[in-house]
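Below: one structure, written as structure tokens.
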Amino acid sequence: MQDENRKTCIVTGAAGGIGMALVKTFHEAGYRVIGIDRVDSALAAGFGQHLQMDLARYAADEACAETHTRQLREMLGGGGVDVLIHNAAVQILGRTDELTRADWLTTLQVNLLAPFLLTQALLPELERSQASVIQIGSIHARLTKARFVAYATSKAALAGMGRALAVDLGPRIRVNTIEPAAIETAMLREGFEGKPELYAQLEGCHPQQRIGQPEEVARLALSISNGDLRFLHGATLHLDGGISARLHDPDE
């Protein structure tokens, strides 16, 4: 199959656990994949093209954004974009009296402003293909805990932006958000290293008694991108193993 006959998918945060699952899943589905990440990922590049990009700089520096947008257009070769997945995120933890201005700026630049600005910059290519834009949010947009103030706020804003973009853009493209709960990635496992009992507690909090897998996020994203679901627009899908339906009582 020639590149010009293939649909194109762009994935940010391509070097991470969910990002790699997205890259691989869309590649295996026949898409031409362009992975974006701030680190050079030979693994992600093995399933498509790779563009090294710092999304915080993309959001803060207009000249930098113009350069990277031009690079993306060169990689697209005049073609459209069928799927754009905003997966990249930073998770800076801190209580209200600990978070700095820099923490907030980085969080909002990567988790909120970059998705908007990248969608805006590629709107002609997205509209040409009546594309599907998918935002990878988080359960923290609705249910959070201490020290997640900046992250949870950014993810709540991301979900709100998805709904607003759907209304503002109408039928030109589709915009939907996936909000996963705990997903088994290297980052999650590192956070529980040497704490198997806490990891087991996390699993037990989910009615399914397990953690989600990156491939499940990727398969849902692929289903959303399918032309059979074109009426799905402005939606937020909760991929959370049922945890958002659970009222946790410490005495139970």
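Key figures
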| item | result |
| --- | --- |
| Subset of the range 147-200 (residues that are more than 30 Å from D228 (Cα to Cα) and among the aliphatic types (A, V, I, L, M)) | V149, A150, A152, A186, M187, L188, L198, A200 |
| Any hit, the range 189-198, residues being surrounded by 12 or more Cβ atoms within 10 Å (Cβ to Cβ), over 13 Å from the mean Cα position of the chain (by Cα), part of a loop (DSSP other than H, G, I, E, B) and free of Cβ contacts under 8 Å to residues at least 60 places away in the same chain | yes |
| Matching option when the condition is of a type in the set (G, A, S), open to solvent by 30 Å² or more (accessible area, probe 1.4 Å) and touching a Ser or Thr at 6+ places or on another chain (Cβ under 8 Å), among G17, G46, G77, G35 | G17 |
| Pairs, first of a type in the set (V, I, T) in the range 1-28, second in a helix (DSSP H, G or I) and at pLDDT 95 or above, C-beta under 6 Å, six or more apart | V11/G19; V11/L22; V11/V23; I18/P214; I18/V217; T25/A218; T25/L222 |
| Residue selected from the range 158-180 under the condition buried (at least 18 other Cβ atoms within 10 Å of the Cβ) and more than 13 Å from the chain's Cα centre (by Cα), by the criterion farthest from T96 (Cα to Cα) | I173 |
| Members of the range 207-240 found to be out of contact with any helix residue (DSSP H, G or I) (no Cβ under 9 Å at 6 or more places or on another chain) and either assigned to a helix (DSSP H, G or I) or in contact (Cβ under 8 Å) with a residue 12 or more places away in the chain (or both), listed by number | G212, L220, I224, G227, D228, R230 |
| Boolean, P115 is closer than 18 Å to S225 by Cβ and either assigned to a helix (DSSP H, G or I) or open to solvent by less than 40 Å² (accessible area, probe 1.4 Å) (or both) | yes |
| Total residues in the range 207-222, condition out of contact with any strand residue (DSSP E or B) (no Cβ under 8 Å at 6 or more places or on another chain) and either open to solvent by less than 60 Å² (accessible area, probe 1.4 Å) or within 18 Å of S244 (Cβ to Cβ) (or both) | 6 |
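The values are calculated or read from the model by the stated rules, or taken from the named source; none is laboratory data. Bear in mind that the values here come from a model prediction, so they are computed numbers and not experimental data. All Cβ positions, glycine included, derive from the backbone under ideal geometry; neighbour counts span all protein chains shown. Side chains are part of the model used for accessible areas, which takes the heavy atoms of the whole protein and leaves out ligands, DNA and RNA. Shrake-Rupley method; radii C 1.70, N 1.55, O 1.52, S 1.80 Å.
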